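Since the structure comes first, as structure tokens, the remarks are kept for the end.
The values are calculated or read from the model by the stated rules, or taken from the named source; none is laboratory data. Bear in mind the structure is a predicted one, so any value in this text is a computation, not a measurement. Heads up, the Cβs are rebuilt from the backbone with ideal geometry, glycines too, and the neighbour counts pull from every protein chain shown. Heavy atoms of the whole protein, side chains included, go into the accessibility calculation; ligands, DNA and RNA do not. Shrake-Rupley method; radii C 1.70, N 1.55, O 1.52, S 1.80 Å.
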Amino acid sequence: MSAHRTNKRLTVPTIRRMKGGDKIVSLTAYSAWMARLIDSVTDVLIVGDSMAMVEYGMSSTLGLPLDTVIGHCAAVDRVRQRPLLVCDLPFASFERSPQQAYESAARVIAEGGADAVKLECTEAMAETVAFLVQRGIPVMSHIGLMPQHVNAQGGFRRQGKGKTASSELVKQAKMMAHAGAFSLLLEGIYSETADLVTKSVTVPTIGIGASLGCDGQVLVTEDILGLTGDDIPGFARIYQDLKPGIEEAAARFADDVREGLFPQDS
Ligand code: KIV
């Protein structure tokens, strides 16, 4: 049975088997209320470190503490029913050594309730991915535009332009799949390169600003709801603009309070 026709909790092997089949639908969730609303239509919920910018108003993802990510992940896990739950390991919580990554990932799973962790992966992370996978921690490898590498990549720039950069990304993707990653997240990658990567690996690829040819797509939920304002990336699409409705509700409440119309005497 295809994944979108079952109400059963999706697992890492289920998502792994969706390679080349039904498209994988993924959205970010940072809170219990949002997770409840999007649970039934998503295959993979990602507690992304984009929460640093979206929820906490930071200018990058670099300052987000592991404890904060775990708290949000646990909130989502308390209410989610069907989707696989993948949680980001934030900057500086895994890069030092495979052991450090194991300790952080184990907390994300034990305290946050995640089924798998997502790591931004240069080639140097292949050893870490293998270390985690061999110890029972499923890994989604995030390659391409890596927000935690904003300084090294010189900003939030699309990756994989031209033959050399494209071959590099294909090589990196193969290394991650070989190390045992159950899926790859391709962010901000030129579409021809994203297509090449997708064809080169036997694990599913989930794209964001990558290509229609990926095995699935993810977007930041606040982007599709119009809540990120001018910060919305060019590739995202607003499916419902909630901003005017929220602003209007708050303004009506403010008017009622100021005019003595709320609360009503009982
Ligand atoms: O942090 C994030 O929201 C992400 C998305 C690409 C899923 O990594």
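Within the range 200-229, which residues are within 16 Å of Met53 (Cα to Cα) and in a helix (DSSP H, G or I)?
Residues satisfying the conditions are Thr221, Glu222, Asp223, Ile224, Gly229.
Could you figure out which of (1) within 15 Å of the chain's Cα centre (by Cα); (2) open to solvent by 40 Å² or more (accessible area, probe 1.4 Å) isn't true of Ala52?
(2)
Hey, does the range 204-219 have a residue that's away from the ligand (no atom under 16 Å from the Cβ), open to solvent by less than 20 Å² (accessible area, probe 1.4 Å) and touching a helix residue (DSSP H, G or I) at 6+ places or on another chain (Cβ under 7 Å)?
no
Does Ala152 satisfy being surrounded by 15 or more Cβ atoms within 10 Å (Cβ to Cβ) and of a type in the set (Gly, Ala, Ser)?
no
If Ile238 satisfies all but one of (1) in contact (Cβ under 8 Å) with a residue 24 or more places away in the chain; (2) open to solvent by 40 Å² or more (accessible area, probe 1.4 Å); (3) not aromatic (Phe, Trp, Tyr), what's the number of the condition it fails?
(1)
Quick one: is Gln159 in contact with a helix residue (DSSP H, G or I) (Cβ under 9 Å, 6 or more places away or on another chain), within 16 Å of the ligand (Cβ to nearest atom), of a type outside the set (Ser, Thr, Tyr) and open to solvent by 20 Å² or more (accessible area, probe 1.4 Å)?
It is true that Gln159 is in contact with a helix residue (DSSP H, G or I) (Cβ under 9 Å, 6 or more places away or on another chain), within 16 Å of the ligand (Cβ to nearest atom), of a type outside the set (Ser, Thr, Tyr) and open to solvent by 20 Å² or more (accessible area, probe 1.4 Å).
If the requirement is being over 24 Å from His142 (Cα atoms) and among the hydrophobic types (A, V, I, L, M, F, W, C), which of these qualifies: Leu196, Leu227, Leu212, Leu184?
Of Leu196, Leu227, Leu212, Leu184, the one residue that is over 24 Å from His142 (Cα atoms) and among the hydrophobic types (A, V, I, L, M, F, W, C) is Leu227.
Looking for something hydrophobic (A, V, I, L, M, F, W, C) and open to solvent by 40 Å² or more (accessible area, probe 1.4 Å) - is there at least one such residue anywhere in the range 178-195?
no
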